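All remarks here apply to the structure that follows.
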Amino acid sequence: MRQGSCKMAVTNIPNFKEVIVMSFVCDFCGVKSNEIRGGGAMSEYGTETRLLVSSLADLSRDVVKSASATIKIPELGLEMGEGTLGG
C-alpha cells in the first residue's frame with residue numbers, strides 16, 4: 001500500500017491569529033491538498049480592515065479569511081459572508 005505525506009506547521013499571521021497550515025501530497029497518484037485552520041482562540045472583538053486600491057499592484061495580494069469573517073467589495077457587488085470560502 002502506498003501512502004501520501006502530510007505536513008503541518010503552526011504559525012502566526014500578522015493582524016490575524018495563530019493558524020495551522022496543513023499540506024498533503026501523494027507522489028503515487030498526484031493528489032495535492034492545502035488547508036489553513038484557525039489554531040488559537042477567537043478574539044473577543046472583531047476588527048475592520050480597509051484597503052484603498054489606487055493601482056493594479058494593490059490587487060496583487062492574498063487574503064486569509066476566517067470562517068466567521070465577512071469580505072465586502074461594494075464596487076463589484078461582492079460579499080463573502082460567514083462560512084464561505086474563496087477560491
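The values are calculated or read from the model by the stated rules, or taken from the named source; none is laboratory data. Every value quoted in this text rests on a predicted model; they were computed, and no experiment measured them. Cβ sites come from the backbone with ideal geometry, for glycine too, and all protein chains shown count toward neighbours. Heavy atoms of the whole protein, side chains included, go into the accessibility calculation; ligands, DNA and RNA do not. Shrake-Rupley method; radii C 1.70, N 1.55, O 1.52, S 1.80 Å.
What to note about this one:
- The residues listed here are VAL31, VAL25, VAL63, VAL53; of these, the one that is out of contact with any strand residue (DSSP E or B) (no Cβ under 8 Å at 6 or more places or on another chain) and β-branched (Val, Ile, Thr) is VAL53.
- Inclusion of GLU82 among residues that are acidic (Asp, Glu) and in contact with a strand residue (DSSP E or B) (Cβ under 8 Å, 6 or more places away or on another chain) is not warranted.
- Residue list for the range 28-63, restricted to those being closer than 17 Å to PRO74 by Cβ and of a type in the set (Lys, Arg): ARG50
- A search for C-beta distances below 9 Å between a residue of the range 64-84 that is of a type in the set (Asp, Glu) and any residue that is modelled with pLDDT of 75 or more and open to solvent by 100 Å² or more (accessible area, probe 1.4 Å), counting only pairs 6+ apart in sequence or on different chains, returns GLU79/LYS72.
- Strands (runs of 3 or more DSSP E) within the chain that include 2 or more residues surrounded by 10 or more Cβ atoms within 10 Å (Cβ to Cβ) and not aliphatic (A, V, I, L, M): 5-12, 18-25, 32-38
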